[in-house]
1. Restricting the search to the range 102-131, which residues are at pLDDT below 95 and surrounded by 20 or more Cβ atoms within 10 Å (Cβ to Cβ)?
2. When you go through (1) surrounded by fewer than 18 Cβ atoms within 10 Å (Cβ to Cβ); (2) under 16 Å from Ile147 (Cα atoms); (3) polar (S, T, N, Q) one by one for Ser75, which number turns out not to apply?
3. Evaluate the following for Phe61: is it exposed (fewer than 11 other Cβ atoms within 10 Å of the Cβ) and assigned to a helix (DSSP H, G or I)?
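The values are calculated or read from the model by the stated rules, or taken from the named source; none is laboratory data. The structure presented is a predicted model; accordingly, all values stated were derived computationally and were not measured. Ideal geometry is used to build each Cβ from the backbone, glycine not excepted, and the neighbour counts take in all protein chains shown.
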Amino acid sequence: MKKRYYKFCDLIAQWCGAFAVTALLLSILIIVELVFERYFFQRAITWQTELVTMLLVASTFIGSAYVLSEKAHVSMEWIYDFLSQKNIIRLKIFTSFLSLLFFLILFYFGFLMVEEAFTKSYTTGTVWDPPLWVPYSSMMIGAALMILQYFAEIMKLIDEKDQN
């Protein structure tokens, strides 16, 4: 059962990484289009800046699950030089639980933001005027993905601790 959950989390993380890269590439293309439109055609930009901002935020939140699965987050590994292997695992479990708590709180408040923006039909108030629940949902989705990934990480660390 654990192996299936790990595989599921790895697959989701790969999709998140692919989404993040796609969103970044799309942002670059939109910015290039923005430059051409402003410079060569002297047109005012309307939707490009907003969409790029939304894509970059979504890329950051949703892509974070991939970063965690690849162990690419920032860590203070110099502290590990002073600890035994068992204490390193304990420290990783403790910090993973703290991070899990953070993402549970972020998911809760993200859900409240999405719900309020959706039910009250909040928009950006610009010329393009997209609904705000769309970019807000990337925070909620990213937090949910991180919760799933942290559960997998904690389970792996507990298994590792039991083997030592």
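1. Once the filter is applied, which keeps residues that are at pLDDT below 95 and surrounded by 20 or more Cβ atoms within 10 Å (Cβ to Cβ), the range 102-131 yields nothing.
2. Failed condition: (2).
3. Details: exposed (fewer than 11 other Cβ atoms within 10 Å of the Cβ): no; assigned to a helix (DSSP H, G or I): yes.
The answer is no for Phe61.
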